[in-house]
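Before any comments, here is the structure.
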Amino acid sequence: MYVISRIVMGTEETLKNSNSNSNKIFHNFSSAENFAKKLNLHTHSDKKWGVKKI
């Protein structure tokens, strides 16, 4: 399983499910990678999202 995360000011931030405090979990790498790419299209900073195996 995989999550999407990024480092912001030295702290890891993990993508959460909508209206929830639980991490958004992906069951395969390719779906997580595609979602991260879509997020990064709208991210204007150097704090890009990446896929992490859990």
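Values quoted throughout were computed directly from the atomic coordinates according to the rules given, and no laboratory measurement underlies them. Keep in mind that what you see is a predicted model, and the values were worked out from it rather than measured. Neighbour counts are summed over all protein chains in view; Cβ atoms, including those assigned to glycine, are modelled from backbone coordinates with ideal geometry.
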Within segment 39-50, of all residues that are free of Cβ contacts under 8 Å to residues at least 24 places away in the same chain and under 14 Å from residue 5 (Cβ atoms), the one surrounded by the most Cβ atoms within 10 Å (Cβ to Cβ) is 40
Would you check if residue 30 is of a type in the set (Gly, Ala, Ser) and touching a residue at least 40 places away in the same chain (Cβ under 8 Å)?
no
Selection from segment 2-38 of residues surrounded by 10 or more Cβ atoms within 10 Å (Cβ to Cβ), among the β-branched types (Val, Ile, Thr) and more than 13 Å from residue 51 (Cα to Cα) yields 8
